[in-house]
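Below you'll find the structure, written out as structure tokens, and then a few comments.
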Amino acid sequence: MAPVDELKSSKYPIMLRIIHWFMVLLILSQFLNIFYLKFFGGENAFTLLMVETHHATGITIFIMLLVRISVRIVGSVPKLPESLFSFAEQRSASLGVFQNYQRAFSLLLSKEVQSLGINACTS
């Protein structure tokens, strides 16, 4: 089998791809939401709605991240074609994916802790 055919035949399941792109849209909406609040937000009902939407979207992203991590641990993901990547490159890719999940999880968790008013720096 040619390397290109190997890549085409080894796709993630459709549900994981849908979750991935939905998360991309939610994260993009978070950036747009913050941009609006920072530059155009004032003291009005719409601003309050935007803040509440921002929090709800953040919680949704957090839950979807937990689902993605659990599916990745439990489920099957396609293997990288051995003909294209060395063993060291495949291990590096796996480590990079883990670090990306860790960063996203840490960022969301720290933002939720801040929104609850818990701050370890102040005593």
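Quick notes
- Note: relative contact order over segment 11-115, using C-alpha pairs below 8 Å and six or more positions apart, is 34 percent.
- Local electrostatic count at residue 16 - Lys and Arg +1, Asp and Glu -1, tallied over other residues with Cβ under 10 Å: +4
- The eigenvalues of the Cα gyration tensor, multiplied by 5 and square-rooted, give segment 11-115 an equivalent ellipsoid with semi-axes of 34, 14, 13 Å from largest to smallest.
- For the pair residue 12 and residue 88 in one chain, pulling the backbone fully straight at 0.36 nm per residue adds 25.2 nm over the alpha carbon distance.
- Using only alpha carbons, segment 19-71 has a radius of gyration to Kirkwood radius ratio (Rg to Rh) of 1.08.
- Pairwise FRET efficiency - residue 27 versus residue 48, Cβ, R0 = 22 Å, nearest 0.05: 0.50
- Were the residues from residue 36 through residue 60 laid out at 0.36 nm apart, the gain over their Cα-Cα distance would be 6.6 nm.
Since every read-out is calculated from the coordinates, none of them should be taken as a lab result. Model, not experiment: these values are computed from the prediction. As a convention, Cβ positions derive from the backbone with ideal geometry for all residues, glycine included, and neighbour counts pool all protein chains shown.
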